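Everything on this sheet refers to the single structure shown next.
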């Protein structure tokens, strides 16, 4: 099958044996799974034992690009990583922008599979003509920025994917980073790299991405670009304020969490201090963009002479109001440090807030925290806490295990605001039942992206917008949003394009690149296939339907939204969860994909 957009090459690295081999990716695999998340999930599913220990040599990491990567399709330079998560014990699935995935593609590979464990710190060097596994001892112990500088000085045209000290020390929510500040951020990918003694992957190449039908590709691209230039969010808001432009809106919607999700109440003057407008006025140096992205939502900032990126919306809230902190400079410096050390800011902030609540309630004291006063609003402790966490020193050793394990150790697991042991992002689920169900059913734990990015549907959905407290509409809406997310992750494109248009322009572009016909209906079937694979993997790894639930706080402690007290009862959660299973044609109440649905989407063998 002749196909544009792909090399049909999977690079398989065995770190234990220090070997590399190239495998041809089957035509059927490319046709059914395209690339990115879908392709990586299928390769991972076929290669790993779901019962393996996440930090063992038996765990596998798969990273994949898309047929659109390397073309001029807008935002199409993203890569996707799949692994077994050391934070959740379930599938880890993380998406990242920047430029690294583009360079992997230009080196001649569509995907890379990494298994085993190196005896010493290792570096994988990938070029079109060679693959080499060598020592990274000269970079071990260095942070992400230092590592990137060291490895690019040796090969100036290369791009670096690496971990910082948090990954080396197997912090369960450490990240793998590229372009210094772009993160495969959730689920502990950095810890998996660290457990394999893999410090970095360096890629360089010059191979082009072939386009089979240039005219068809260009028609879809021009349609997409025209709509993106007309849509207010992709045209103006994200470029002017970045994702931090959401702060005031989410607070207005009474959805902004406060003090470990204890309430949603923030003084207006405090919100103004951490807003996108405040960043633009006082910290912004210039906007930036991932490779090939016209949206340009990145914020290149500076604080007290130190330069960095961000903070993004999630980071602002999770290291800020979630911890009772509204000091923009402290939050920004903490964000810089997380990027340098390789830490997921969402889990870092969520775990920190959990510790603060336990401290303020007297469940733990200074003897437990090595003398650090973990009080809400105490911005002075942020940087030191982050540093101790990355190096697993003092109280940081317990924090590095994540909020659930920390709170469980002190016999209060209900103080962890997590689903499947992953900390919740910065949207209170009591203020949107659609968002709540997304957290509950996300295959990776509480993730706004893998869960369906429901906030976009609740407030920016246009004709598709649904009432945010609808028990009836939420299950189908979340299934559809999760499917759209799978499609976007598999095409290697940014979620923010969904604020402008859905899948039709992408089907035209992909059809043009590959020379094969793709449709929105075909995309949906692929998404159902991936959702089923992720679910089956998780079930085999020990998940049950009871794990698809929110912490007890969200049913027993209401917040006020639009003048009314609102919470999510166990009965409401059960109804939404079971209706979601029905919408996916999974069994009720267990949530197991039925034989009928598996056969209908081409997964008879599982």
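Each residue in the stretch 352-372 was checked for being closer than 19 Å to residue 327 by Cβ and touching a helix residue (DSSP H, G or I) at 6+ places or on another chain (Cβ under 7 Å), and 5 of them qualify. A residue that is under 18 Å from the mean Cα position of the chain (by Cα) and closer than 21 Å to residue 578 by Cα can be found somewhere in the stretch 453-465.
Confirm whether residue 233 is under 30 Å from residue 412 (Cα atoms) and either modelled with pLDDT of 95 or more or not in a strand (DSSP E or B) (or both). Answer is no for this residue. Out of all the residues in the stretch 353-368, is one or more surrounded by fewer than 20 Cβ atoms within 10 Å (Cβ to Cβ) and at positive phi? The answer is yes; a qualifying residue exists. Once the stretch 396-441 is narrowed to residues that are free of Cβ contacts under 8 Å to residues at least 60 places away in the same chain and in contact with a strand residue (DSSP E or B) (Cβ under 6 Å, 6 or more places away or on another chain), the residue that is farthest from residue 369 (Cα to Cα) is 404.
Taking (1) surrounded by 21 or more Cβ atoms within 10 Å (Cβ to Cβ); (2) assigned to a loop (DSSP other than H, G, I, E, B) in turn, residue 294 satisfies each apart from (1).
Anything in the stretch 316-336 that is more than 15 Å from residue 255 (Cβ to Cβ) and in contact with a strand residue (DSSP E or B) (Cβ under 8 Å, 6 or more places away or on another chain)? List them, or say none. 324, 329, 332, 333, 335, 336, listed by residue number.
Every condition in (1) part of a helix (DSSP H, G or I); (2) in contact with a helix residue (DSSP H, G or I) (Cβ under 7 Å, 6 or more places away or on another chain) holds for residue 59 except the one numbered (1). In the stretch 260-276, the residue that is surrounded by the most Cβ atoms within 10 Å (Cβ to Cβ) out of those that are over 25 Å from the mean Cα position of the chain (by Cα) and over 23 Å from residue 351 (Cβ atoms) is 271.
How many of the residues in the stretch 124-137 are in a loop (DSSP other than H, G, I, E, B) and under 16 Å from residue 108 (Cβ atoms)? First the steps, then the outcome.
Filtering the stretch 124-137 for residues in a loop (DSSP other than H, G, I, E, B) gives 128-129, 136-137.
Cutting the leftovers down to under 16 Å from residue 108 (Cβ atoms) gives us 128-129.
Final tally of qualifying residues: 2.
State whether the residues of the stretch 238-259 include one that is farther than 20 Å from residue 424 by Cα, surrounded by 18 or more Cβ atoms within 10 Å (Cβ to Cβ) and at pLDDT below 90. Checked the stretch 238-259: at least one residue is farther than 20 Å from residue 424 by Cα, surrounded by 18 or more Cβ atoms within 10 Å (Cβ to Cβ) and at pLDDT below 90. Is it true that residue 305 is under 20 Å from the mean Cα position of the chain (by Cα) and on the phi > 0 side of the Ramachandran plot? Against the criterion (under 20 Å from the mean Cα position of the chain (by Cα) and on the phi > 0 side of the Ramachandran plot), residue 305 does not qualify.
Out of all the residues in the stretch 102-126, which are farther than 22 Å from residue 39 by Cα and touching a strand residue (DSSP E or B) at 6+ places or on another chain (Cβ under 8 Å)? Passing the criteria: 118, 120, 121, 122, 123, 125.
The values are calculated or read from the model by the stated rules, or taken from the named source; none is laboratory data. It should be emphasised that the depicted structure is a prediction, and the values quoted were computed from it without experimental measurement. Ideal geometry is used to build each Cβ from the backbone, glycine not excepted, and the neighbour counts take in all protein chains shown.
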